[in-house]
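Below is one structure, written out as structure tokens; comments come after it.
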Amino acid sequence: MTLSHFEALLIFALVVSTVFALITKNTPREQFRYGVFVFLSFLAVALAVGWIMYPLPL
Amino acid sequence: MEETDEQVQASPREEPAEVQPLSMAATLAICSGGWLIPGLGHILLRRWIRGPIFAACVLLMFSLGIAMEGKLYDLQFDEPLHVFAFIANAGAGALYILAGRLNLGIGIMTAPSYDYGTTFLWVCGLLNYLIVLDAFDIAQGRKP
């Protein structure tokens, strides 16, 4: 099974943000908000770091 | 707005309103069950929604890790850093034991998704440790 970088990132972010939200927050509303925040943060940071590394000769 | 929040809090929810601390023996039994079968600790604590969600998350990550040719580490002291990988992998509980019995998680380094699979397997175990700690807090009455 081969996933693209972005697909793997999406699944990873979705699962981790779900668990983090359910563990750290108590009410469903807080859990949803925090889960969305963590999920989007994962994506944003990964995309930002990806573009920062893009010009580097690695 | 405040009335709405109060109504939401007063409505029947997943968690029971009053949380009675369990004995340490019962807490440890619940945590052991939660480690062995991810999500079981919350189910035993009557968190009917959280438990299955946790179980699904851990199972999904573990399955994907195995499918992506990730590696499961054994306890080997000749490679000290592998001990940390073993601790992370062992967090998956019965899934880790079962995969070892079935000769899964050998890890094919030439596979393009090897690194992702190995990372998924590590994180899946570490998440289950967090889930067990959450069950511990609930059983001790520290959180609803």
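Read-outs: derived from the displayed coordinates by stated rules, not from any lab. Since this is a predicted model, take the numbers as computed values, not measurements. Note that we place each Cβ from the backbone using ideal geometry, even for glycine, and neighbour counts take in every protein chain shown.
Per-structure values
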quantity: Separation in nanometres of the label points that stand 7 Å from Cα toward Cβ, at A:Ala44 and A:His5; calculated: 2.1
quantity: Between helix A:5-24 and chain A: long-axis angle, C-alpha atoms, 0 to 90°, nearest 10; calculated: 30
quantity: Mean residue ellipticity (222 nm) of chain B, computed from DSSP H runs ≥ 4 via -39,500 (n - 2.57), nearest 500; calculated: -20000 deg cm²/dmol
quantity: Shielding by partners, peptide A:13-21 (average Cβ within 10 angstrom, other chains); calculated: 5
quantity: Sequence-separation-based contact order of segment A:1-44, relative, with Cα cut under 8 Å and 6+ spacing, percent; calculated: 42
quantity: For the protein assembly as shown, size of Cβ-based charge dipole, Lys and Arg +1, Asp and Glu -1, in debye; calculated: 240
quantity: Chain A, helix-only ellipticity at 222 nm - DSSP H runs n ≥ 4, -39,500 (n - 2.57), divided by all residues, nearest 500; calculated: -28000 deg cm²/dmol
quantity: Long-range Cα-Cα pairs in chain B (distance over 18 Å), rounded percent; calculated: 60
quantity: Chain A: radius of gyration over Cα atoms, expressed as a fraction of 2.2 N^0.38 Å; calculated: 1.35
quantity: Relative contact order, percent, chain B [alpha-carbon distance under 8 Å, six or more residues apart]; calculated: 34
quantity: Ranked by how many other beta carbons lie within 10 Å on average, peptides A:30-43, B:64-77 from highest; calculated: B:64-77, A:30-43
